[in-house]
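Comments concern the structure below.
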Ligand SMILES: C[S@@+](CC[C@H](N)C(=O)[O-])C[C@H]1O[C@@H](n2cnc3c(N)ncnc32)[C@H](O)[C@@H]1O
C-alpha cells in the first residue's frame with residue numbers, strides 16, 4: 001500500500017473512533033455521512049439518543065486527524081529510519097511469511113464474535129478493492145459472526161485457525177516468540193472449549209513462557225462485546 005492510502009486509512013479509522021463512545025457511535029457516524037452504516041456485529045443497533053446528543057463536525061475532525069497522522073508518521077520515521085515494512089492483504093490460512101521471523105504479535109479472530117470484513121468494507125473500497133474482492137474476503141474470514149448458527153462453526157474455526165498457526169510457526173526462527181491475545185469466555189460459553197483446544201494444539205508445537213489475564217475495558221471501542229470481560233495475553237517460544 002502506498003503511504004497516502006495508508007494515511008487515509010488511519011484517518012478514516014481515527015475520525016470514526018473520535019465520534020465513537022462505542023460501536024453504536026460508529027454506526028451513527030456513517031449514517032450522519034449519509035453512507036450505509038458499518039457494523040462490527042449485527043447485534044449492535046443504532047442509538048438515536050446518542051447521535052442526537054453529539055455535535056458532529058466531520059471537516060474539523062478530518063483536519064485535526066490529518067495533523068495527528070502527520071505527527072505520528074514523523075515520529076515513526078525518526079524511530080525506524082532504517083526499518084523496512086510492508087503491508088499485505090492476505091488470507092492467513094494460506095500465507096506463509098517469505099523469510100523466517102523472530103516474533104509474531106497478534107490477536108487472532110475470536111470465534112463467532114464479529115464480522116470484520118463487513119464492518120471494514122469501506123476501508124477495503126478505499127484501498128481500491130472491488131465488491132467481488134470484499135465478498136471473497138468475507139468467505140475467507142475466520143470466526144465470522146455470520147456463521148454463528150452453523151452447527152459446524154466451532155470445528156471450522158479450529159480447522160482454520162490451526163492452518164494459520166501452522167504456517168506462522170513453521171516460519172518462526174528456532175528461538176522465535178509468539179505473542180497472543182485471546183478471549184477468556186465464561187464456563188457456560190461453548191467457545192471456552194474451542195479456545196482451550198486451540199491452546200492444546202499450540203502446546204504441541206510451542207512452550208508457554210508467560211501468561212497474564214487482562215480486563216476488557218468497557219469504555220474502549222470493543223464495548224459491544226459486552227459479554228467478553230476478560231482476555232489472556234500469552235507468550236510462547238518455539239520448541
Ligand atoms: C481480533 S482482530 C485483531 C486485529 C489485529 N490483529 C489487532 O490486534 O488489532 C482479528 C483480525 O483478524 C482478521 N482476519 C480474520 N480472518 C482472517 C484471515 N483469513 N486472514 C487474515 N486476517 C483475518 C480480521 O479481519 C480482524 O482484523
Legend entry - Selection within the range 115-159 - modelled with pLDDT under 90, more than 13 Å from the ligand (Cβ to nearest atom) and part of a helix (DSSP H, G or I): 122, 125, 126
Legend entry - Check on residue 232, modelled with pLDDT of 90 or more, under 17 Å from residue 107 (Cβ atoms) and not in a helix (DSSP H, G or I): yes
Inset, instruction - Output the residue which, of all residues in the range 175-188 that are over 20 Å from residue 116 (Cβ atoms) and out of contact with any strand residue (DSSP E or B) (no Cβ under 6 Å at 6 or more places or on another chain), is nearest to the ligand (Cβ to nearest atom). - result: 186
Inset, instruction - Can you confirm whether the range 187-198 contains a residue that is surrounded by 17 or more Cβ atoms within 10 Å (Cβ to Cβ), under 17 Å from residue 239 (Cβ atoms) and in contact with a helix residue (DSSP H, G or I) (Cβ under 8 Å, 6 or more places away or on another chain)? - result: yes
Inset, instruction - Confirm whether residue 94 is exposed (fewer than 11 other Cβ atoms within 10 Å of the Cβ), near the ligand (Cβ under 9 Å from one of its atoms) and under 23 Å from residue 177 (Cα atoms). - result: yes
Legend entry - Criterion: surrounded by 13 or more Cβ atoms within 10 Å (Cβ to Cβ), within 20 Å of the chain's Cα centre (by Cα) and more than 25 Å from residue 229 (Cβ to Cβ) - qualifying residue of 167, 154, 135: 167
Inset, instruction - Filter the range 102-114 down to the residues that are in a loop (DSSP other than H, G, I, E, B) and near the ligand (Cβ under 10 Å from one of its atoms), then identify the one that is farthest from residue 167 (Cα to Cα). - result: 113
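Kindly provide the set of residues from the range 172-186 that are out of contact with any helix residue (DSSP H, G or I) (no Cβ under 9 Å at 6 or more places or on another chain) and surrounded by fewer than 16 Cβ atoms within 10 Å (Cβ to Cβ), ordered by number.
First, the residues of the range 172-186 that are out of contact with any helix residue (DSSP H, G or I) (no Cβ under 9 Å at 6 or more places or on another chain): 172-175, 177, 179, 181.
Passing the criteria: 173, 174, 175, 179, 181.
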Legend entry - Pairs with Cβ under 6 Å, 6+ apart, first in the range 86-113 and closer than 23 Å to residue 194 by Cα, second part of a loop (DSSP other than H, G, I, E, B) and more than 11 Å from the ligand (Cβ to nearest atom): 112/148
Inset, instruction - Considering (1) surrounded by fewer than 16 Cβ atoms within 10 Å (Cβ to Cβ); (2) closer than 22 Å to residue 89 by Cβ; (3) in contact with a strand residue (DSSP E or B) (Cβ under 8 Å, 6 or more places away or on another chain), say which one residue 145 fails and leave the rest. - result: (1)
Legend entry - Filter result for residue 34 (exposed (fewer than 11 other Cβ atoms within 10 Å of the Cβ), part of a loop (DSSP other than H, G, I, E, B) and modelled with pLDDT under 70): yes
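The values are calculated or read from the model by the stated rules, or taken from the named source; none is laboratory data. Every value quoted in this text rests on a predicted model; they were computed, and no experiment measured them. All Cβ positions, even for glycine, are placed from backbone atoms using ideal geometry, and neighbour counts span all protein chains on display.
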